[in-house]
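The values are calculated or read from the model by the stated rules, or taken from the named source; none is laboratory data. Given the structure is predicted, the values throughout are model-derived calculations rather than measurements. Cβ placement follows ideal geometry from the backbone for every residue including glycine, while neighbour counts extend to all protein chains displayed. Protein only, heavy atoms only, side chains kept; ligands, DNA and RNA dropped before computing areas. Shrake-Rupley method; radii C 1.70, N 1.55, O 1.52, S 1.80 Å.
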Amino acid sequence: MELEDEIKKRFKMKGLVLADVKVVRMMDKTLENGYSDMIPVYVGKEDKISEKSSSIATKEQFELLQKYIVKTIKDISKEILSGNIDIKPYYKDKKTPCEYCEYKAICQFDKNKFGNEYKYVPDLNKEEIFEKIRKE
Ligand code: SF4
């Protein structure tokens, strides 16, 4: 049983799930009530998804997120085309992608060198993130 629990823990999907119990039940057909073994969702009594214990977003939030992603890609593309190719890896919760990056030797990013800066990502909760996106 321990191995089974470990496997479930390791392979449980992360991210956001559409806040629709029908969709949740299609994604995890074994789920009755409680925590799903596959997706980050808790379905409580009366078939209600627990917002507090789940990682979910509404259809509107997903649409907002899609628009924001497209806008961000366009903004980044414009920056690159205008010559801005600064190396600015993210830094969040004391972690950076440089820790496991295979291109470290090529890009030569070194936070101790003048001009090399991380892009610090603030620790915001889901609502704060969506609020920020809405404002932009
Ligand atoms: S080592 Fe360089 S290429 Fe890799 S993540 Fe860090 S900044 Fe980006």
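Residues that are out of contact with any Pro (no Cβ under 9 Å at 6 or more places or on another chain) and closer than 30 Å to Phe62 by Cα within region 100-131 comprise Tyr100, Tyr120, Val121, Pro122, Asp123, Leu124, Asn125, Lys126, Glu127, Ile129, Phe130, Glu131, listed in sequence order.
Pick from region 67-124 the residues that are of a type in the set (S, T, N, Q) and open to solvent by 80 Å² or more (accessible area, probe 1.4 Å): which of them is modelled with the highest pLDDT? Taking the candidates together, the pick is Ser82.
Given the structure, is Lys135 farther than 30 Å from Ile7 by Cβ, modelled with pLDDT of 95 or more, open to solvent by 60 Å² or more (accessible area, probe 1.4 Å) and not aromatic (Phe, Trp, Tyr)? So Lys135 does not fit the description; no.
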